[in-house]
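Just so you know, all these numbers are worked out from the coordinates, no wet-lab data involved. Bear in mind the structure is a predicted one, so any value in this text is a computation, not a measurement. Here the Cβ positions follow ideal geometry from the backbone for every residue, glycine too, while neighbour counts run over all protein chains shown.
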Amino acid sequence: MRIDKFLNAVNITKRRAVAEDMLEHKVVFINNQAVKKAKEVKVGDIIEIKYLEKSDKFKVLQIPVTKSTPKSKMSEYVEII
């Protein structure tokens, strides 16, 4: 699954447009490399989002098969590091 779709599907971002904007401004990293929106996410990848004053890290546990998942199921797909 592409990183822009993944961020939206597991509720890390509220909208896919937000994810695309973050990727365009190079604040999203997979395994310490800045990525473009077409980058494929794999199980075990570490996703880092760098904000101005902090950064959030997530470990990919599984890839969702649906376009969106309930917020309550987020922990099945990513682990907050």
Taking H as built 1.01 Å from N, whose amide H comes closer than 5 Å to the amide H of ASP45, not counting residues under 5 places away? VAL60
What is the order of VAL18, VAL35, VAL43, fewest Cβ neighbours within 10 Å to most? VAL43, VAL18, VAL35
Quick check: pseudo-label points 7 Å beyond the Cα along Cα→Cβ at LYS36 and GLU76, how many nm apart are they? 3.3
At 222 nm, what helix-only mean residue ellipticity would the chain give, in deg cm²/dmol to the nearest 500, using -39500 (n - 2.57) for each DSSP H run of four or more? -6000 deg cm²/dmol
Among TYR51, TYR77, what is the fewest-to-most ranking by other Cβ atoms within 10 Å? TYR51, TYR77
Can you tally the net charge around ASP4? Count Lys and Arg as +1, Asp and Glu as -1, for every other residue whose Cβ sits under 12 Å from the Cβ of ASP4. +3
Got the relative contact order for the chain handy, in percent, Cα pairs under 8 Å and 6 or more residues apart? 31
If you keep only loop residues by DSSP, which GluC sites (Glu not before Pro) in the chain have at most 15 other Cβ atoms within 10 Å of their Cβ? GLU53
For the range 10-81, with only Lys/Arg (+1) and Asp/Glu (-1) charged at the beta-carbon, what is the dipole magnitude about the Cα centre, in debye rounded to 20? 180
Fewest first, what order do PHE6, PHE58, PHE29 take by the number of other Cβ atoms within 10 Å? PHE29, PHE58, PHE6
